[in-house]
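The values are calculated or read from the model by the stated rules, or taken from the named source; none is laboratory data. Treat the numbers as computed from the prediction; the structure is a model and nothing was measured. Cβ sites come from the backbone with ideal geometry, for glycine too, and all protein chains shown count toward neighbours.
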């Protein structure tokens, strides 16, 4: 999946499913998700389930750190990194 397509898919999920369409105009790739309270423990779990189920990427526990979830640019980079074949 191309980076731009993945980023749009993640923005759409966060806007529509986690924010229920609220504050959609303010949500950008660099919106501070943790700082602004967009992500909490429950919403982060839902985002991880979306990444696993819809994108097909499992995020290992060691990668579940705040720096990877500070904004959607970082989440996109994490997913792309995890999609790369190991070897």
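Consider the range 65-87 and keep the residues that are over 11 Å from the mean Cα position of the chain (by Cα) and not in a helix (DSSP H, G or I). The one that is surrounded by the most Cβ atoms within 10 Å (Cβ to Cβ) is 65.
Selection of the range 1-24 for residues being under 30 Å from residue 85 (Cα atoms), in a loop (DSSP other than H, G, I, E, B) and in contact with a helix residue (DSSP H, G or I) (Cβ under 8 Å, 6 or more places away or on another chain) yields only 1.
Considering every residue within the range 47-56, establish whether at least one is surrounded by 12 or more Cβ atoms within 10 Å (Cβ to Cβ), part of a loop (DSSP other than H, G, I, E, B) and within 12 Å of the chain's Cα centre (by Cα). Within the range 47-56 (the criterion being surrounded by 12 or more Cβ atoms within 10 Å (Cβ to Cβ), part of a loop (DSSP other than H, G, I, E, B) and within 12 Å of the chain's Cα centre (by Cα)), the answer is no, since none of the residues qualifies. When residue 44 is tested against (1) in a helix (DSSP H, G or I); (2) exposed (fewer than 14 other Cβ atoms within 10 Å of the Cβ), only condition (2) is not met. Considering 19, 7, 27, the condition of being at pLDDT 95 or above and surrounded by 12 or more Cβ atoms within 10 Å (Cβ to Cβ) is satisfied by 7 alone.
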